[in-house]
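K.L.:
Here it is: the structure, laid out below.
The values are calculated or read from the model by the stated rules, or taken from the named source; none is laboratory data. Here the structure is a predicted model, which means the values were calculated and not measured. Heads up, the Cβs are rebuilt from the backbone with ideal geometry, glycines too, and the neighbour counts pull from every protein chain shown.
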Amino acid sequence: MDIIRSAPALATHINALKDAGKALGLVPTMGALHAGHLSLVAQAKKAADAVGVTIFVNPTQFGPNEDFSRYPRTEKEDIAALEKAGVDFVYIPDVASVYPEGAHVTLKAGEMADVLCGAHRPGHFDGVVTVVHRLLTQTKVDVAVFGEKDFQQLFLIRKMVEREKLPVKILGAPIRRESDGLAMSSRNRYLSISERKTAPLLFHTLKASAAKIKKGDKVEVVLKEARAALTKAGFLVDYIELRDSDTLHLLAKKNAAARLFIAAKLGSTRLIDNLALNAA
């Protein structure tokens with residue numbers, strides 16, 4: 001496995017793979033890897049001949065009061081896990097390699113970037129699509145895989161790729177969960193022991209709410225009850241909403257593409273999750 005830290009070295013490696021006629025896959029990450037990330041690698045390996053992973057904590061997607069400085073950085077462990085997973089190369093650039101003209105946003109995420117998490121993290125998705133565009137352009141891959149836990153991110157990246165006419169296929173990968181239902185996330189390590197015991201309630205509330213809506217209960221009532229239950233358990237709920245997976249438009253009643261979205265803070269840790277009603 002090659003460890004690459006500069007844009008010129010990356011270009012040399014990519015060109016060699018392309019010259020060998022290999023289809024290339026990519027899993028962009030911010031590091032602090034867990035089994036969820038490795039499941040993305042496994043999916044990418046099924047879709048491509050050679051797979052790379054990027055590890056880059058992107059400064060343009062963090063707000064002024066967010067956790068950029070304390071975001072977990074575990075490079076040594078990440079490299080070992082990726083080598084074991086059979087990754088072809090790991091690209092670990094510095095900021096200047098990704099943003100040679102300075103770290104600032106150059107793309108807008110567009111429609112539906114200001115709902116859900118975007119309403120609580122202004123400008124976040126502009127930073128996301130900017131860095132993804134740069135990484136896809138630098139790596140010249142044929143396919144890239146993103147997890148469905150960050151479903152809004154996946155949606156907006158697909159829109160960006162379509163809008164910018166990038167020659168890459170974007171695949172979504174199912175959410176990987178701990179045995180108690182908590183969606184795997186690098187930020188779960190921020191949870192205290194007591195918070196970790198409470199955290200799975202987020203998914204179980206999501207699942208119970210989906211079942212009620214499928215049964216025919218009124219969406220407004222179900223979501224109000226869910227918010228109240230989570231608040232009582234110690235969560236500070238940012239949102240819990242029913243939206244269309246294909247458009248992210250808000251729904252007042254279920255349809256074939258209905259999906260529940262939730263974000264809430266537990267202590268200082270912000271957790272997100274989602275669940276398609278047809279999968280509940």
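K.L.:
Taking helices (runs of 4 or more DSSP H) that fall entirely within the stretch 73-123, which contain at least 3 residues that are in the same structural domain as Q43 (by TED's automatic domain parsing), in contact (Cβ under 8 Å) with a residue 40 or more places away in the chain and within 27 Å of Y190 (Cβ to Cβ)?
P.N.:
Because the criterion is at least 3 residues that are in the same structural domain as Q43 (by TED's automatic domain parsing), in contact (Cβ under 8 Å) with a residue 40 or more places away in the chain and within 27 Å of Y190 (Cβ to Cβ), the helices (runs of 4 or more DSSP H) in the stretch 73-123 that meet it are 75-84, 117-120.
K.L.:
Go through (1) under 30 Å from G102 (Cβ atoms); (2) in contact with a Gly (Cβ under 6 Å, 6 or more places away or on another chain) for T29 and report which single condition fails.
P.N.:
Of everything listed in (1) under 30 Å from G102 (Cβ atoms); (2) in contact with a Gly (Cβ under 6 Å, 6 or more places away or on another chain), T29 misses just condition (2).
K.L.:
May I ask you to list the residues in the stretch 228-274 that are of a type outside the set (F, W, Y), buried (at least 21 other Cβ atoms within 10 Å of the Cβ), under 21 Å from the mean Cα position of the chain (by Cα) and within 14 Å of S209 (Cα to Cα)?
P.N.:
Within the stretch 228-274, I240, L242, R243, A258, R259, L260, I262, D273, N274 qualify.
K.L.:
Against the conditions (1) buried (at least 21 other Cβ atoms within 10 Å of the Cβ); (2) assigned to a helix (DSSP H, G or I); (3) touching a helix residue (DSSP H, G or I) at 6+ places or on another chain (Cβ under 6 Å), where does F203 fall short? Just the number, please.
P.N.:
Evaluating F203 over (1) buried (at least 21 other Cβ atoms within 10 Å of the Cβ); (2) assigned to a helix (DSSP H, G or I); (3) touching a helix residue (DSSP H, G or I) at 6+ places or on another chain (Cβ under 6 Å) leaves (3) as the failure.
K.L.:
Go through the stretch 113-157 and give me each residue that's over 27 Å from G181 (Cβ atoms) and among the charged types (D, E, K, R).
P.N.:
Of everything in the stretch 113-157, those that are over 27 Å from G181 (Cβ atoms) and among the charged types (D, E, K, R) turn out to be D114, D126, R134, K140, D142.
K.L.:
Determine whether G181 is closer than 15 Å to S268 by Cβ, in contact (Cβ under 8 Å) with a residue 12 or more places away in the chain and part of a loop (DSSP other than H, G, I, E, B).
P.N.:
Against the criterion (closer than 15 Å to S268 by Cβ, in contact (Cβ under 8 Å) with a residue 12 or more places away in the chain and part of a loop (DSSP other than H, G, I, E, B)), G181 does not qualify.
K.L.:
Another question, then. Evaluate the stretch 235-243: report whether one residue or more is in contact (Cβ under 8 Å) with a residue 60 or more places away in the chain and acidic (D, E).
P.N.:
Scanning the stretch 235-243 turns up at least one residue that is in contact (Cβ under 8 Å) with a residue 60 or more places away in the chain and acidic (D, E).
K.L.:
Now for a different question. If I ask for residues that are closer than 17 Å to V98 by Cβ and free of Cβ contacts under 8 Å to residues at least 60 places away in the same chain, which ones from the stretch 6-23 would you list?
P.N.:
Matches in the stretch 6-23: P8, A9.
K.L.:
Please work out which one of (1) in contact with a Leu (Cβ under 9 Å, 6 or more places away or on another chain); (2) farther than 15 Å from L248 by Cβ; (3) touching a residue at least 40 places away in the same chain (Cβ under 8 Å) is the condition K149 fails and give its number.
P.N.:
(1)
K.L.:
Answer yes or no as to whether V168 is more than 24 Å from E75 (Cα to Cα), of a type outside the set (G, A, S) and assigned by TED's automatic domain parsing to the domain that holds A16.
P.N.:
It is true that V168 is more than 24 Å from E75 (Cα to Cα), of a type outside the set (G, A, S) and assigned by TED's automatic domain parsing to the domain that holds A16.
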